[in-house]
Amino acid sequence: MTYQFDFSFIYEYRAMLAHGIAYTVYLTLVGGTVGTLIGTVGAICRTWDIKPFAGLYQCYVELFRNTPFLVQLFLIFFGLPSLGIRMSEGQAAILAIILNVGAYSTEIIRAGLQATPKGQIEAAQSLAFTRWQIFFYVMLRPALRKVWPALSSQIVISMLGSAVCSQISAEELTFVANFIQSRNFRAFETYFLTTAIYFAMAFLIRQSLNLIGRYAIVRRPLP
Amino acid sequence: MMTFTLWDIVRNLLLGGALTLLLSMVAFVLGGLAALALLFARIAKHRPPRGLAQIYIEIFQGTPLLLQLFTLFFGLSLLGLDVPAWLAAGVGLMLFSSAYLAEIWRGCVESVPRGQWEAGASLALTYREQMRHVILPQAMRMAIAPTVGFAVQVVKGTAVTSIIGFAELTKTGSMIANATYQPFLVYGLVAIGYFLLCYPLSWYAQRLERRLYATRTN
Amino acid sequence: MPLVRTNRLHKHFGKNHVLKGINLEVEEGEVVAIVGRSGSGKSTLLRALNGLETIDDGTIEVDGTALVAEQGDLRALRQKVGMVFQQFNLFPHLSAGQNVMLAPQIVKDTSKEEAEVIARSTLARVGLEHKFDAFPDQLSGGQQQRVAIARALAMSPKVLLCDEITSALDPELVNEVLMVVRQLASEGMTLIMVTHEMRFAREVGNKLVFMYEGRIHESGDPQTMFANPATPEFANFISSLD
Ligand SMILES: Nc1ncnc2c1ncn2[C@@H]1O[C@H](COP(=O)(O)OP(=O)(O)OP(=O)(O)O)[C@@H](O)[C@H]1O
Ligand SMILES: [Mg+2]
């Protein structure tokens, strides 16, 4: 008995697949952007030890980095309603991703801020930069530049991790795959194809982030 | 309807937690062994093994663990193998770990300065001897902290195996949450369980890293 | 017959033709100083002599062992040619003694006891027998470089290559290393060294090699060369030094 591989379902389900891909991209973009903002604020609070936020951030970071994303998702989606906080699948998914990226990026950016050489700050002070200018030009920008690769990797990892959002029925790519395979009974082909799509997306997102890093953060001087 | 005392819940979760721990250790240890083989292929002198290892690593680092498990699970059953969930979970997580560990370790090997290789070569050591006596001892020292750090990712990764039906901590939690209608309590306890497993590892990894950093800079 | 002989040695890095037919002969016991501008190919030549750079054309012969482009027995060659690097390159996970003992044990199958005897005596030659158990990060730069010299000597090489071995040192540590080299020279060790220490090259060297754009542009007795530069390029080079 030989098994015939059949990928013809792609065409039939192309609209659904496109929806799933778009949803996953949305989760990644919004999660990555808002998460990084939260992380930047967190890194600032932790670096200057701004009370009580520094301590709160530390608890938040440790809690989120030391528990599985899936459990965070379940706690938000299934657990919070018993405290009267009710959310849709999509809201729960995006919230979980934001919080997750926020926790990791706090630590990543903090490492970058801490690596600012003291001499650079002193040099800027001697040039009469304001505090805010010193922070922005001498600390934050170089820090972001330095940690951009790590931040990019973390965002890609979050994108891959978002596959488990299917478990609360958020309509991202894996949810779509589950749906398709329950219809066509071609589980292997469906998941294989979906895996390939994720692979391509991971590649494209990484490339885009590299480009953003090169042109927006490093700011190549104009020729 | 059955009623659950808090102790019933905790007792069942502890059981699931034990399976989580077991799965983590098996995946980490076997994955580590596979990673070692992968590492040597990845840094081999010849192109073919290097390329193959790189493809393997990129595939496993570029796709979701959940989809790796699905593909493995359903792929094996296509071959007529009826794989139990625990086996698919173990194998899947092992393959996943091996790719990440191999890449972490490669980073450590490559961060040993080129001058160390050259000093070894100038003393007439062969490639293997340079690797064994000069490079690996230094790389291993650097690898400890990130390796312990990655153990946290493995423990967290085991949660994903609940989706293919392996009754570890998260799966046990889901079942109890459905039966007790107390999702906040149960998932809260589950989260605490993971935290207790992961936090000591994270803490230790950070301490190791700081110590290594301190010795390198003075 | 010369101890070291290169014949029409060529090396390219991509389109960059770095060595353009080097013919160099070094007799046993000779001390050769190679000088020249940055980028003239001095390091590349030295590294090629030890097989750290492959060569594109030509041959290298050391004490009868030949190395032809792209092939040859590197292990045999390297046992006859020791090398000391600008950045010391000591093995940081091994003590000074272990650094010196490693290669004899692995390459020559020397027993551990014997290797230790060798290590102690070579460390004594560079004046560091008391640092046998110290780790590299516990030693000054000068001491590290002396351990690196001892490490190379422990293999009893026929010729020792030194690439700017004092350039990474604080000025006050340069002399202790030069003293060791001077001592080796007086003991009859064959030395090929790239150096910026012109005074040292003049005093200790028997032969001076001036490299210019990948060629040996001028070579001979150091005193004569410094007194009467034969080419305008070398004259230029010396005058740019003071
Ligand atoms: N690994 C390499 N890859 C590419 N080009 C190289 C490499 N090593 C050296 N070069 C080039 O070869 C040329 C000669 O370099 P080499 O290091 O031999 O010069 P040098 O005479 O030792 O100079 P310096 O006095 O600065 O040490 C230079 O143009 C250099 O840029
Ligand atoms: Mg040089």
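Throughout, read-outs are computed from the coordinates displayed, never taken from laboratory work. Keep in mind the model is a prediction, meaning the values are calculated, not measured. Please note: Cβ atoms are built from the backbone with ideal geometry, for glycine as well, and neighbour counts cover all protein chains shown.
Can you give the local net charge around residue A:54? Use residues other than it whose beta-carbon is closer than 11 angstrom to its beta-carbon, Lys and Arg +1, Asp and Glu -1.
Spelling it out: positives minus negatives among the neighbours equals +2.
Put +1 on the Cβ of each Lys and Arg and -1 on the Cβ of each Asp and Glu in the range A:11-218; which of A:85, A:69, A:158 then has its Cα farthest toward the positive end of the dipole?
Checking the options against the dipole of the range A:11-218, the answer is A:158.
Efficiency by 1/(1 + (r/R0)^6): what FRET value for residue C:137 and residue C:15, r their Cβ-Cβ distance, R0 = 35 Å, to the nearest 0.05?
E between residue C:137 and residue C:15, to the nearest 0.05, is 0.30.
Angle, helix B:183-217 long axis vs. longest principal axis of chain B, Cα atoms, 0 to 90°, nearest 10?
20
When the gyration tensor of the range A:11-218 is built from Cα positions, what are the square roots of 5 times its three eigenvalues, in whole Å, from largest to smallest?
They are 37, 21, 11 Å, listed from largest to smallest.
I'd like the FRET efficiency for residue C:239 and residue A:18, computed as 1/(1 + (r/R0)^6) with the beta carbon distance as r and R0 of 45 Å, rounded to 0.05.
Working from the Cβ atoms, E equals 0.05.
Based on other C-beta atoms within 10 Å, arrange B:5, A:190, C:195 from fewest to most.
In increasing order of surrounding Cβ atoms, one gets B:5, C:195, A:190.
Take every DSSP beta bridge whose two residues both sit in the protein assembly as shown, then give the antiparallel share in percent to the nearest 5.
Counting DSSP beta bridges with both partners in the protein assembly as shown, the antiparallel share is about 55 percent.
Could you tell me which chymotrypsin sites (Phe, Trp or Tyr not before Pro) in the range A:120-223 are loop residues by DSSP with no more than 15 other beta carbons within 10 angstrom of their beta carbon?
Listed in order of number, the matching sites are A:185.
Could you work out, residue by residue across A:161-169, how many beta carbons of other chains sit within 10 Å of that residue's beta carbon, and then give the average as an integer?
So the per-residue partner count for this stretch is 4.
How far apart, in nanometres, would the label points at residue A:82 and residue B:40 be if each is projected 7 angstrom from Cα along the Cα-to-Cβ direction?
That separation, rounded to one decimal, is 5.2 nm.
Considering all alpha-carbon pairs of the range B:1-127, what whole percent are spaced by more than 18 angstrom?
66
Putting +1 on Lys and Arg Cβ atoms and -1 on Asp and Glu Cβ atoms, find which of A:55, A:137, A:103 reaches farthest to the positive end of the dipole of the range A:11-218.
Positive-most Cα among the choices belongs to A:137.
Taking the square root of 5 times each eigenvalue of the Cα gyration tensor, what semi-axes in Å does the equivalent ellipsoid of chain C have, largest first?
That gives 30, 22, 15 Å for the three semi-axes.
Can you give me the long-range amide H partners of residue C:21? Hydrogens built in the peptide plane at 1.01 Å from N, cutoff under 5 Å, separation of 5 or more residues or another chain.
Residues meeting the criterion, in which the H sits 1.01 Å from N, are C:9, C:10, C:11.
Kirkwood Rh, Cα Rg: Rg to Rh for the range A:42-125?
When Rh is taken as the Kirkwood radius, the ratio is 1.14.
I want to check the label-to-label distance for residue C:224 and residue A:128. Put each point 7 Å from Cα in the C-beta direction and report it in nm to one decimal.
6.7
Compute the acute angle (0 to 90°) between the alpha-carbon long axis of helix B:47-61 and the principal axis of greatest extent of the alpha-carbon atoms of chain B; round to the nearest 10°.
30
Can you compute 3J(HN,Hα) from phi for each residue in the range B:155-166, using the Karplus curve 6.51 cos²θ - 1.76 cosθ + 1.60 with θ = phi - 60°, rounded to whole Hz and x for Gly and Pro?
Each residue's phi maps through the Karplus curve to give 4, 5, x, 4, 4, 5, 5, 4, 5, 8, x, 7 Hz.
What does the structure give for C:100-107 when I average, per residue, the other chain Cβ atoms found within 10 Å of the residue Cβ?
Other-chain Cβ atoms within 10 Å of each residue's Cβ, averaged: 4.
Please work out, to two decimal places, the log10 of the ratio I(q)/I(0) at q = 0.07, 0.10, 0.15 Å⁻¹ from a Debye calculation in which every Cα of chain B carries one identical scatterer.
Calculated log10 I(q)/I(0) at the listed q: -0.29, -0.56, -1.02.
Under a Cβ-Cβ cut-off of 11 Å, what is the net charge of the residues other than residue C:150 that fall near it, where Lys and Arg count +1 and Asp and Glu count -1?
+4
Working out 0.36 nm times the residue gap between residue C:179 and residue C:231, then minus their Cα-Cα distance, what length gain in nm do you get to one decimal?
15.6 nm
Compute the projected area of the convex hull of the Cα atoms of the protein assembly as shown, averaged over all viewing directions, and report it in nm² to one decimal place.
Quarter of the Cα hull surface area: 40.4 nm².
What ranking, highest mean first, results for peptides B:155-162, B:186-193 when packing means the other Cβ atoms within 10 Å averaged over each residue?
Top to bottom by mean Cβ count within 10 Å: B:155-162, B:186-193.
Just in the range C:1-84: which GluC sites (Glu not before Pro) are loop by DSSP and have at most 16 other Cβ atoms within 10 Å?
Qualifying residues, ordered by number: C:27, C:28, C:70.
Could you size up the charge dipole of the range A:11-218 around its Cα centre, putting +1 on the beta carbon of Lys and Arg and -1 on that of Asp and Glu, and report it in debye to the nearest 20?
Computed about the Cα centre, the dipole is about 520 debye.
Would you pull out the residues with amide H under 5 Å of residue C:36's amide H, same chain only if 5 or more places away, H placed 1.01 Å from N?
Close amide H contacts, sequence-distant or interchain: C:211.
Out of residues 5 or more away from residue A:50 or on other chains, whose amide H comes under 5 Å of its own, with H placed 1.01 Å from N in the peptide plane?
none
Choose one of C:77, B:77, C:93: the residue whose Cα lies farthest towards the positive end of the charge dipole of the protein assembly as shown (beta-carbon charges +1 Lys, Arg; -1 Asp, Glu; about the Cα centre).
Sorting the options by dipole projection puts first B:77.
What list of ³J(HN,Hα) values in whole Hz, one per residue of the range C:91-105 in order, does the Karplus curve 6.51 cos²θ - 1.76 cosθ + 1.60 (θ = phi - 60°) give from phi, with Gly and Pro shown as x?
7, x, 8, 10, 6, 3, x, 5, 4, 6, 6, 3, 5, x, 5
Counting Lys and Arg as +1 and Asp and Glu as -1, each charge on the Cβ, what is the dipole of the protein assembly as shown about the Cα centre in debye, to the nearest 20?
Value, rounded to 20: 1320 debye.
Normalised by the number of residues in chain A, what is the relative contact order in percent for Cα pairs under 8 Å and 6+ residues apart?
Reported relative contact order: 28 percent.
Can you give the local net charge around residue C:213? Use residues other than it whose beta-carbon is closer than 11 angstrom to its beta-carbon, Lys and Arg +1, Asp and Glu -1.
My count for the surroundings of residue C:213 gives +2.
Compute the distance in nm between two label points, each set 7 Å from the Cα along the Cα-to-Cβ direction, one at residue B:114 and one at residue A:150.
2.6
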